[in-house]
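Take a look at the structure set out below.
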Amino acid sequence: MTVVSAPSTTLYPARTGATPLTAEHLWAIPRVGNPVPSPDGATVAVAITTYDMEKNEGRSRIWLVPAKGTTPGEPRALTAAEFSSGEPAFSPEGRRLAFTRKDAKKKAQLHVMALDGGEGEKLTDLPLGCFDPKWLPDGSGIVFGAQLLRGFLTPEATAAELERRDKDPVKAHVTEERIYRFWDTWLTTGEVPHLFVLELATRKLRDLTPDSVAWFDWMDPAGRYDIAPDGSELAYEGTIIERIYVTVVSSDDGGAVVLTWRQWLPHLERFITALRALRRDALPSVLVQMMFAYVENTYFSAEWWDSLGENHRDHIRSLARIEPYCSTPFEYMENLAVPWRILGLSERWDGADKG
């Protein structure tokens, strides 16, 4: 038997005498978070995270670091070592610090503390915690993000639903979504971020995005909004995934095209209404072109393809190459012939989805 192997080259030979670098060494290195300067630029607040491999958890502590002068000043720990605190935000006058601290349920809650001493004051007790606090320009309140459950878009409703789920013995995830998990995070449990403002004088909590079902970035939801300098407006970015599920059922004597969509997506309601307003004889061609443009894995017969003119084939090819296919508009070709004829339209409502 003959064995053929490719030649190999050693770029960097192993060092002798040094301790090999292990995963334990890497996790022993503290991680430095984003530095946040004070309004006068004299101090920087930064969260330092250390890790416990036996407990498989990290814990952050906020430090104040002098930022002025040619000689670096001595950092001072601002938060206690036994708690995990992060996301510092200086008040506009620079005398207070807002931050998040994990509670006994490992949920980050909003806290505020004076920089001249004293303990942090807990301001929220939200069922899924909060993130990314920012002060209003006049210092009267704090804006932050918090997760709620879709269909239960208040803190109270979310808390009640979480309690119900905790008591439910069935823990299986059921979904019809193609994207159902992001790394170690399930996307099937309905969490959506909302932006709240807490008025410090009255402790009144107000949801600024009460009907939103938009997602922020799954890797790091912080940094997705900003407040106008006068505090009158807020801008944020979010992703709303609006899908129509298309199913083609065929048989020897006919078939059906079934469109299903979530009832809480008004844009899709308007799209379906516009679709139904088309002439019935034009609807088959529009549906076929929509499938080539927006549906993955579209199949067709060779006989139909061979019956098309070259300009029609070029149009179909252009639809299939659309990127990104879920959001790029296109023009329909009115005279594209398809071997379908609409015999009837029906609608069914079951309280959850429409089709």
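Kindly provide the pair-distance distribution of region 244-354 built from C-alpha pairs, with 10 Å bins from 0 and whole-percent values in order of increasing distance.
Calculated P(r), rounded to whole percents: 11, 44, 36, 8, 1.
With +1 on each Lys and Arg Cβ and -1 on each Asp and Glu Cβ, how big is the dipole of the chain about its Cα centre, in debye rounded to the nearest 20? Spell out each step's value before the answer.
Numbers: 39 positive and 50 negative charges, 121 e Å.
The calculated dipole for the chain is roughly 580 debye.
Picking from LEU11, LEU208, LEU259, which is most flexible by a Gaussian network model of the chain using Cα springs under 10 Å?
Between LEU11, LEU208, LEU259, it is LEU11 that shows the largest mean-square fluctuation.
If one computes P(r) from the Cα atoms of region 103-184, what percent of pairs lie at distances over 21 Å? Before the final figure, lay out the partial values.
On the way: 1565 of 3321 pairs.
Across region 103-184, Cα pairs with separations above 21 Å total 47 percent.
From the phi of every residue in region 153-165, what ³J(HN,Hα) in whole Hz does the Karplus formula 6.51 cos²θ - 1.76 cosθ + 1.60 yield, where θ is phi - 60° and glycine or proline is x?
So the J values, rounded to whole Hz, are 8, 9, x, 5, 5, 5, 4, 5, 5, 4, 5, 5, 5.
Mind listing P(r) for region 154-304? All alpha-carbon pairs, 10 Å bins, whole percents.
7, 25, 28, 21, 13, 4, 1, 0
Once you wrap a convex hull around the alpha carbon atoms of the chain, what is its projected area averaged over all directions, in nm²? Before the final figure, lay out each step's value.
Details: hull surface 133.8 nm².
Taking a quarter of the hull surface, the average projection is 33.4 nm².
In this model, which of LYS107/LYS204; LYS122/LYS204; LYS105/LYS167; LYS106/LYS204; LYS68/LYS122 are farther than 19 Å apart at the alpha-carbon? Don't jump to the answer; show the numbers that get you there.
Working: LYS107/LYS204 21 Å; LYS122/LYS204 14 Å; LYS105/LYS167 16 Å; LYS106/LYS204 24 Å; LYS68/LYS122 31 Å.
Checking Cα-Cα distances, LYS107/LYS204; LYS106/LYS204; LYS68/LYS122 exceed 19 Å.
Compute the long axis of helix 283-294 from its Cα atoms, compare it with the longest principal axis of the Cα atoms of the chain, and write down the angle in degrees, 0 to 90, nearest 10.
For 283-294 against the chain, the angle is about 40 degrees.
Considering all alpha-carbon pairs of region 1-135, what whole percent are spaced by more than 22 angstrom?
Working: 4602 of 9045 pairs.
Summing the P(r) tail past 22 Å for region 1-135 gives 51 percent.
Just tell me which aspartates and glutamates come within less than 12 Å, Cα to Cα, of LYS134; anything on the same chain fewer than 8 places away is out.
GLU87, ASP226
Since every read-out is calculated from the coordinates, none of them should be taken as a lab result. Since this is a predicted model, take the numbers as computed values, not measurements. All Cβ positions, even for glycine, are placed from backbone atoms using ideal geometry, and neighbour counts span all protein chains on display.
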